[in-house]
1. Just checking, which of Lys161, Lys134 is under 27 Å from Ile205 (Cβ atoms), assigned by TED's automatic domain parsing to the domain that holds Leu195 and either at pLDDT 85 or above or of a type outside the set (Val, Ile, Thr) (or both)?
2. Is it fair to say Lys38 is more than 29 Å from Gly141 (Cβ to Cβ) and at pLDDT below 85?
3. Restricting attention to the range 38-65, and to residues there that are touching a His at 6+ places or on another chain (Cβ under 6 Å) and part of a loop (DSSP other than H, G, I, E, B), which single residue is nearest to Asp197 (Cα to Cα)?
4. Among Leu111, Leu68, which is part of a helix (DSSP H, G or I), surrounded by 12 or more Cβ atoms within 10 Å (Cβ to Cβ) and at pLDDT below 85?
Amino acid sequence: MATLLKLPQFPDMFANRNLSTSLLTAAIIGPITYAIYKIYLSTYYLNPLRHLPGEKPRWSWMGCMKELISAETGDVNLAFAKKHGGIYRFHGIWNQPLVAINDAKILQQVLVTDAYDYVRSPEGKRQLERVGGKGLLVVEGNKHRRQRKAIQPAFGHKHIKTMVPAFFRLTEKFANIWEGRLKPGNEETEFPRVLEDISKLTLDIIGLADVCSLIA
């Protein structure tokens with residue numbers, strides 16, 4: 001009988017090498033392709049919010065957050081509002097599109113008139129829960145209605161009227177502080193940090209009205 005020689009399995013060896021090369025290529029190209037899609041293509045070409053006026057997606061996973069973090073609070077948002085109007089689009093982490101509203105009528109519709117039609121994002125809800133728990137500012141729907149009904153008597157006209165003098169007195173105090181910081185003429189002026197001072201004013205009013213003590 002003729003003896004058949006078994007040749008080395010060169011085809012299988014090359015097949016394994018091709019498979020390894022393909023897997024390595026996929027491991028490199030896959031994440032890069034996904035990052036390009038996630039950071040730029042999905043937000044610029046596919047997201048329904050792309051038709052709103054606003055900032056273009058950045059070629060960065062941080063979107064507009066780097067500008068927002070590095071600047072004074074509110075400065076970047078004010079610049080965007082002047083550029084794009086009362087409602088505009090900007091981008092957060094991974095260029096996720098976010099909508100900012102600076103128009104009083106739209107804010108009234110979102111926060112008052114049709115408040116229950118606008119729900120918070122899961123991430124935004126989690127962040128609020130870390131700060132204030134599952135209270136009136138976080139819960140939605142029927143839970144919000146029940147909690148609002150329970151505390152509504154405390155915010156009636158009669159109770160608010162008794163706190164008005166405290167509102168005026170403390171507001172006048174902060175107005176005088178701001179006036180002292182604003183120097184007349186061409187001298188250097190220290191512009192008031194309105195957001196920080198308003199927070200202190202709010203705490204002062206709460207402290208005076210509820211526990212009769214100044215906090216700020």
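1. On the way: Lys134 fails: assigned by TED's automatic domain parsing to the domain that holds Leu195.
Just a single option satisfies the conditions, and that option is Lys161.
2. Details: more than 29 Å from Gly141 (Cβ to Cβ): yes; at pLDDT below 85: yes.
Answer is yes for this residue.
3. Step one: list which residues in the range 38-65 are touching a His at 6+ places or on another chain (Cβ under 6 Å), which gives 53-54, 57, 63-64.
Remaining after also requiring part of a loop (DSSP other than H, G, I, E, B): 53, 57, 63-64.
Details: Pro53: 32, Pro57: 33, Gly63: 29, Cys64: 26 Å.
Per the stated criteria, the residue is Cys64.
4. Numbers: Leu111 fails: surrounded by 12 or more Cβ atoms within 10 Å (Cβ to Cβ).
On inspection, the qualifying residue turns out to be Leu68.
The values are calculated or read from the model by the stated rules, or taken from the named source; none is laboratory data. Quantities reported herein were computed from a predicted structural model and do not represent experimental measurements. Every residue, glycine as well, gets a Cβ built from its backbone with ideal geometry; the counts of neighbours run over all protein chains shown.
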